[in-house]
2 protein chains.
Amino acid sequence: MSLLVIGTVAFDAIETPFGKTDKIIGGAATYASMSASYFKKNINLVSVVGEDFPEEAIAMMQNRGIDTRGLQIKKGEKTFFWARKYHEDMNSRDTLDTQLNVLSTFDPIIPDEYQDCEFLMLGNLMPSIQMSVLQRLKKRPKLVVMDTMNFWMEIALNDLLKMISMVDVLTINDAEARQLTGEYSLVKAARKVLTMGPKYLIIKKGEHGALLFHGNNVFYAPALPLEDVFDPTGAGDTFAGGFIGHLHNSGDISFEAMKRGVIYGSAMASFCVEKFGLERIVSLTDSEVDERVQQFIDLVQFDITLV
Amino acid sequence: MSLLVIGTVAFDAIETPFGKTDKIIGGAATYASMSASYFKKNINLVSVVGEDFPEEAIAMMQNRGIDTRGLQIKKGEKTFFWARKYHEDMNSRDTLDTQLNVLSTFDPIIPDEYQDCEFLMLGNLMPSIQMSVLQRLKKRPKLVVMDTMNFWMEIALNDLLKMISMVDVLTINDAEARQLTGEYSLVKAARKVLTMGPKYLIIKKGEHGALLFHGNNVFYAPALPLEDVFDPTGAGDTFAGGFIGHLHNSGDISFEAMKRGVIYGSAMASFCVEKFGLERIVSLTDSEVDERVQQFIDLVQFDITLV
């Protein structure tokens, strides 16, 4: 039973009100697989980088038990690069530079050893690439979770809708839920998304937490109030990694398990935003993760008994 | 043991994306006392209206067990009037018209029968008037809760800070917390407010719930995801009324009781926004309130046991 994570492995350059970075390691699949690695090993990565991608970064992932045989390294080519600047509220950002590089011709190859995939995390990527990964798995995984972003709604909506129709869980943020459905109310937006294919929808609201919808059920996971959101880069991917990592570990894909997954995902994301890039996610201890989860438990705990 | 509520009793005219009203009954003290009346009677009102204020509206409050002997009716004068228009996100609004009328000379009189006040709700009003109410009580109440708004930060900051220093619980929204402290982070803002006098701070975040701060403790109460927020008018006052109403009923002012109070307040506010003005708050049943509170319990319930 393995977890397969696909998505970008990339260079980021980030500017926030707290500072800026040169090129650092980023990418949806990097954050998601690193985050998932705190729950269970047996994580396989499918992605692509250029010759310029540092071996140490690949070793970092391997050290967390991530299998990188599915990470293609393109000779003579350059790694995907995204530079952006966040505003004070950390919800809005400007893209300063995007260089697709190896991503523009990415054809995902699934190593045979990855075919026992039971949990599939389709990290943010071109929907057609997400789809080819699903098609190249000989057996449909037990659970397919997909993350995406507004960009694909603008330039590849048909592909995106087709991909969405094939997954079990979709994770998007509040603005994307509104854009995808044309509904301002998140409850109405969720109802529409749940007719598009997914049985579960997670709407990420950043500092305001996350909502998990399933049928007529709703679960509201808070975000931990933090002194500062230092850098939101990768928070959504880290959330997704914690979410699917917990499910992968428990093997349970019930609504109750997903609620727990949302809490674990939120806890991992709360670490992610405390420092630039992957810095905080590289070397957490299990007890740090447990302590953080306990903070989430305490944060929402109240005692009302209705007669 | 009684609850004293002061604040405006007013006419509102409201425009939202869902429609508009002519003059309807509103005011901070109206919403707060009506909301509190679902928890325990023995509620006393101090406010002022003009001759134009309808007797039926006063009867409506009396029917909910609210004592209106402290409601001054000014012959030949007109009731405070506020017209506003909400934008789609319901968090931003434009004031279209404000007529202070009787409010400009309001001198609150506390009937002798109100002097047994143990719980005091200082609804949003000029800070100097809030202060005179506190000063005119012969015995300091067991718990003083104060609501205010950004307007007073702009035109009466010194009075406001003095008033804030004298209360136990302050309730403000997220934008107001930022404005009052100059801190964008709500955690940092809360820490500053807790040095200004109050032992408890509630930051209301509308559709994103509410945060209760006390010392180093934080409690995050979600808001119920609703199909539509029809009209946010009075939601904050209704929240405050449910909050203090629960404490008034239980007599308990511990942090645990306040957490319950925040949930009850949130439940009452979730009714308030479902219809225009007071419509939904006028005639709830106890079982409707209980069912709504149960929805809040279900909304955040998850089962993680850390070993």
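Residue by residue through A:215-224, how many Cβ atoms from other chains fall within 10 Å of the Cβ on average? Before the final figure, lay out each step's value.
Numbers: counts 0, 0, 2, 6, 7, 13, 5, 9, 2, 3.
Mean shielding count: 5.
Note down the relative contact order for the stretch A:155-222 as a percent, whole number, built from C-alpha pairs under 8 angstrom at least six residues apart.
27
So what's the convex hull volume per residue for the Cα atoms of the protein assembly as shown, in Å³?
Working: hull volume 89.7 nm³, N = 614.
Once divided by residue count, the hull of the protein assembly as shown is 146 Å³.
Treating the point 7 Å from Cα along Cα-beta-carbon as the label, what are the nm separations from B:Asn63 to the other copies, to one decimal?
Those label-point separations list as 7.1 nm.
Could you tell me the calculated FRET efficiency between B:Glu274 and A:Arg140, based on Cβ-Cβ distance and R0 = 30 angstrom, to the nearest 0.05?
Working from the Cβ atoms, E equals 0.10.
Once phi is turned into ³J(HN,Hα) by the Karplus curve 6.51 cos²θ - 1.76 cosθ + 1.60 with θ = phi - 60°, what whole-Hz value does each residue of the stretch A:137-153 show in order, with x for glycine and proline?
The phi angles translate into 8, 5, 10, 5, x, 5, 9, 10, 10, 10, 10, 8, 8, 3, 3, 6, 5 Hz.
Where is the GNM fluctuation largest for chain B (alpha-carbon springs, 10 angstrom cutoff): B:Thr195, B:Thr79, B:Thr171?
In this elastic network of chain B, the residue with the biggest mean-square fluctuation among B:Thr195, B:Thr79, B:Thr171 is B:Thr195.
Step through the residues of the stretch B:113-123 one at a time and calculate ³J(HN,Hα) from phi using the Karplus curve (6.51 cos²θ - 1.76 cosθ + 1.60, θ = phi - 60°), rounding each to whole Hz and writing x for Gly and Pro.
The phi angles translate into 5, 8, 6, 7, 4, 9, 10, 10, 9, 8, x Hz.
Any chance you could tell me what percent of the C-alpha pair distances in the stretch B:46-133 go past 18 Å?
Values: 2142 of 3828 pairs.
Summing the P(r) of the stretch B:46-133 above 18 Å gives 56 percent of all pairs.
For chain B, modelled as a GNM with alpha-carbon contacts under 10 angstrom, which of B:Ala269, B:Ala59, B:Ala223 fluctuates the most?
B:Ala59
If you average the C-alpha positions of the stretch B:64-89 and of the stretch A:174-195 separately, how far apart do those two centres end up, in angstrom?
Between the Cα centre of the stretch B:64-89 and that of the stretch A:174-195, the gap is 37 Å.
Between A:His87 and B:Leu100, what FRET efficiency follows from the Cβ-Cβ distance if R0 is 35 Å, with the result rounded to 0.05?
Working: r = 37 Å, r/R0 = 1.07.
Rounded to the nearest 0.05, the efficiency is 0.40.
Using per-residue counts of other Cβ atoms within 10 Å, averaged over each peptide, order A:80-89, A:203-212 from highest down.
A:203-212, A:80-89
Have a look at A:Thr285, A:Thr30, A:Thr233 and tell me which one the Gaussian network model of chain A (Cα, springs below 10 Å) gives the largest fluctuation.
The residue that fluctuates most here is A:Thr285.
Can you list the residues, at least 5 places off or on another chain, whose amide H is less than 5 Å from the amide H of B:Gly70, using H built in the peptide plane?
B:Leu45
Can you give me the relative contact order of the stretch A:2-300 as a percent, contacts being Cα pairs under 8 Å and 6 or more apart?
Worked out over the stretch A:2-300, it gives 18 percent.
Once you order the gyration tensor axes a ≥ b ≥ c over the Cα atoms, which shape class does the stretch A:2-300 get: rounded for a/c under 1.5, otherwise prolate or oblate by comparing a/b with b/c? All intermediate terms of the calculation are to be shown ahead of the outcome.
Numbers: a/c = 1.22, a/b = 1.10, b/c = 1.10.
Note, shape of the stretch A:2-300 comes out rounded.
In the stretch B:1-136, what % of DSSP beta bridges are antiparallel (nearest 5)?
Approximately 35 percent, going by the DSSP bridge assignments.
Could you tell me how far the Cα centroid of the stretch A:109-170 sits from the Cα centroid of the stretch A:208-272, in Å?
19
If R0 is 25 Å, what FRET efficiency do you get for B:Ala175 and A:Thr195 from their C-beta distance, rounded to 0.05?
0.10
Which order do the peptides A:108-117, B:139-148 take when ranked by the mean count of other beta-carbon atoms within 10 Å per residue, highest first?
B:139-148, A:108-117
Once phi is turned into ³J(HN,Hα) by the Karplus curve 6.51 cos²θ - 1.76 cosθ + 1.60 with θ = phi - 60°, what whole-Hz value does each residue of the stretch A:69-77 show in order, with x for glycine and proline?
Taking θ as phi minus 60°, the curve returns 4, x, 8, 6, 10, 8, 4, x, 10 Hz for the stretch A:69-77.
Other chains near B:257-266: what is the mean number of their Cβ atoms within 10 Å of each residue's Cβ?
The mean count of partner-chain Cβ atoms within 10 Å per residue comes to 2.
Looking at the P(r) of the stretch A:210-250, how many percent of alpha-carbon pairs lie beyond 14 Å?
65
Looking only at the stretch A:2-300, where both bridge partners belong to it, what percent of the DSSP beta bridges are antiparallel (to the nearest 5)?
Among the beta bridges of the stretch A:2-300, antiparallel pairing accounts for roughly 40 percent.
For B:Leu157, place a label point 7 Å from Cα along the Cα-to-Cβ direction in every copy; what are the distances to the other copies, in nm, shortest first?
Nearest first, the other copies' label points are 4.8 nm away.
With viscosity set to 0.692 mPa s and temperature to 37 °C, compute the Stokes-Einstein D of the stretch A:1-78, Rh being the Kirkwood radius across alpha carbon pairs; µm²/s, no decimals.
In µm²/s, the coefficient rounds to 252.
None of the figures in this text is laboratory data; all of them are computed from the coordinates on show. Nothing here was measured: the structure is a model prediction, and the numbers come from that model. Ideal geometry is used to build each Cβ from the backbone, glycine not excepted, and the neighbour counts take in all protein chains shown.
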